[in-house]
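Shown next, in structure tokens, is the structure this report addresses.
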Amino acid sequence: MSATKQTKVPATPQAAWRAVNQAVEAKVDPIGMATPLLHAQLAWLSHPQEMSETLTGFSAKMWDLQVHSWHRALGMPSKDVVSPNPDDTRFASPVWSESASWDIVKEWYLMLTHQVQDMLYDTPGLSSRDRRRAAFWWRKWLNAVAPTNFLLSNPEAMQRAMETRGESLLKGFNNLLTDFQAGDVQMARPTDFVVGRDLATTPGKVVFRNRLLEVIHYVPSREKVYRTPIVIVTPWINKFYILDLNAKKSMVKFLVDQGLDVYITSWKNPGADMREVSFDDYLIDGIGKLVETAQGLSGSDKVHAVGYCIGGAALSAWMAWANARYSKKDVPVASVTLLTTLVDYHKPGDIEVFLDENSIKWLEKSMAEKGYLDGKEMASAFRLLRSNSLVWHYVVRGYLFGEAPPPFDVLFWNMDATRMPAKMHSWYLRNFYLENLLIKKDALNLAGEDIDLGSISQPLYAVSAEDDHIAPWRQTFRINNFVAGSRRYVLSTSGHILGIVNPVVNPPKRDFHVGSAERHDTPDDWRERAELRHGSWWEDWMEWIKPQSGAMVPAPAVSDRNYPALADAPGTYVLEY
């Protein structure tokens, strides 16, 4: 007798609707572009009173805009009804204000975009998550149809075409063909720099290599160095040389010149053969080997550990693992420095629009076919978070103005993307972003140990950036609410990259807030009492870390019999595509 498979029937009409909605999302809209917008429309239609009140207010604004348009059309002075946001530079040219025609175009566009955005954020009866997702995707569309993005509605581009007798348009077409062949809107040309010649030039040797990483040990620039070496766990989403761009910007060179013995990770760019590499592997065969190598060459029992971005998240997990595996005195780390690092993913910023169950299933299906997530896909997602400045700016300047992107080392590095192994990246997205398990005591078992961030008793120095849209500073601050050791927190100006790549210059270019943090602090409580300083936080970091670094000792050999020189820095893995 054959068994008949029974389908579970939803108990209520609401449950049935949710089941249908989830099925449609998974098949038709896996990354959630259209569904939140549909939800917003249905929410407004089901709240007629709120819609009536909102449209009444909008009618008043439209009347003011119509009066403004009449005044400008008749040559009469009139103050703008709506202004661009402070960070919106699309209409910065005087022509958008001085010319009545173009001012009217600008004002109508801004009025409609601001109204739509405000209504989406204020949608009644919709969850805050769906509001943010709807507003995000609609904002991407509104950015795409801005008048500045098209030749016949961009007065600057038309003026340039006339001045150059069409040469700018010819160059723009050639730029379009170049980007089409590259499969991307390029922010930098791949020929602008050569890694090892123009970038990543600090002298050093690869002294360890396995299937996951190369460890680079840098040549000391002093005869004596601090006894405790420093190891840097870089993110594997991009390549390590963001911390060694050139002599003036290099954090690595700065640390070496300060008398520190420096080691850094250069991660393998994985292919399909590494599909089964796990997060545990990155901890044990990655961070663990980095620490062992530094101990072996320096002769020091402990190291200072630094982690940047996802490298910091992995370092935090490894520190919790090490504090579970070893007794407190045997943990091989003297202090921890985390740079723009999330450990609490409850509010991870704009990136959350890409991260729900259906989106991750869609990514997992793609990764299962290839064995990895292509770095270009990840880079495109991050660029979309700031589409005006990171996408449409280059479309306008490249295609309409005929300008090639200027050589810029940070943007060259940003385009030099890497891949992520399927198993590791799926685990990371689910356990960190989706389930937020890193902050939950004993919720994760890594390499045989239940981990707890509260077991981390080593001193912590954490740095965030005010304008960071990848790791928002109020969320990165949460690390202070979990670890047990002493904490010093820094909030730098600028964003995810330039807030960290923040060399000491005179006169100072940036500012930072700094101060100790307590476990019960909120971000705003800490900021109220933090000290505002001008300059680079690198100097404050040195004042914090050097007293914990032991005596000055003769600089160790760059390599030895146990850790022979396998290649000159920057190594071989960084050159792989």
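Descriptive notes on the structure:
- Among P229, G259, V185 - extreme Cα towards positive end, dipole of region 144-281, charges at beta-carbon: G259
- Relative to the dominant Cα principal axis of the chain, helix 310-325 is inclined by about 40°.
- Computed over protein heavy atoms with a 1.4 angstrom probe, the accessible surface ordering of L142, L283, largest first, is L142, L283.
- When only Cα pairs below 8 angstrom with a gap of at least 6 residues are kept, the chain shows a relative contact order of 18 percent.
- Relative contact order (%) - criterion: Cα under 8 Å, at least six apart; region: region 114-263: 16 percent
- Within the chain: Cβ-based charge dipole about Cα centre, in debye rounded to nearest 20 (Lys, Arg +1; Asp, Glu -1): 680 debye
- Summed side-chain charge close to V95 - residues other than V95 whose Cβ falls under 10 Å, Lys, Arg +1, Asp, Glu -1: -2
- Considering only L390, L434, V331, the residue lying farthest towards the positive end of the dipole of the chain is V331, judged by Cα position with unit charges set on Cβ.
- Global form of region 86-227, assessed from the alpha-carbon gyration tensor, a/c cut-off 1.5: oblate
- Cα gyration tensor shape for region 230-290, rounded if a/c is under 1.5, else prolate or oblate: oblate
- With the helix formula -39500 (n - 2.57) applied to DSSP H stretches of n ≥ 4, the chain reaches a computed 222 nm mean residue ellipticity of -11500 deg cm²/dmol.
- Accessible area of H513 (1.4 Å probe, protein heavy atoms only, ligands and nucleic acids ignored): about 30 Å².
- Within-13-Å neighbourhood charge of M542 [Cβ basis; K, R +1; D, E -1]: -2
- Separation between Cα centres of region 359-389 and region 539-572, rounded to whole Å: 36 Å
- When you work out D = kT/(6 pi eta Rh) for the chain at 10 °C and 1.306 mPa s, using the Kirkwood radius from C-alpha pairs as Rh and the Stokes-Einstein form, the result is 60 µm²/s.
- For region 334-490, the spread of Cα positions along each principal axis, largest first, Å: 56, 39, 25
- Region 149-236 - convex hull of alpha carbons, volume per residue in Å³: 210 Å³
- Measuring with a 1.4 angstrom probe and ignoring ligands and nucleic acids, Y282 comes out at about 0 Å² accessible.
- Prolate/oblate/rounded call for region 411-566, Cα gyration tensor, a/c under 1.5 rounded: rounded
- What the pair-distance distribution of region 276-330 shows, using all Cα-Cα distances binned every 5 Å from zero, is 5, 18, 28, 29, 16, 5, 1 percent.
- Cross-link partners of K370 among aspartates and glutamates (Cα-Cα below 14 Å; sequence separation of 8 or more within a chain): D273, E276
- FRET E, pair D257, M552, Förster distance 25 Å, beta-carbon r, rounded to 0.05: 0.95
- Take W63: with every protein chain present and a 1.4 Å probe, its accessible area is about 150 Å².
- For the set K106, K509, K224, the ranking by accessible area, highest first and with no ligand, DNA or RNA atoms included, is K509, K224, K106 under a 1.4 Å probe.
- Here region 420-480 exposes an accessible surface that is 43 percent carbon and sulfur, computed with a 1.4 Å probe and the other protein chains kept in place.
- Packing, as the average of other Cβ atoms within 10 Å across residues, places the peptides 402-409, 426-433, 311-318 in the order 311-318, 426-433, 402-409, highest first.
- Solvent exposure, largest accessible area first (probe 1.4 Å, DNA, RNA and ligands not counted), of L245, L74: L74, L245
- Using alpha-carbon coordinates, inclination of helix 167-182 to the longest axis of the chain, degrees: 50 degrees
The values are calculated or read from the model by the stated rules, or taken from the named source; none is laboratory data. Keep in mind that this is a model prediction, so the values were computed, not measured. Virtual Cβ from ideal backbone geometry, glycine too; neighbours counted across all protein chains shown. SASA here: full protein model, heavy atoms, side chains in, ligands and nucleic acids out. Shrake-Rupley method; radii C 1.70, N 1.55, O 1.52, S 1.80 Å.
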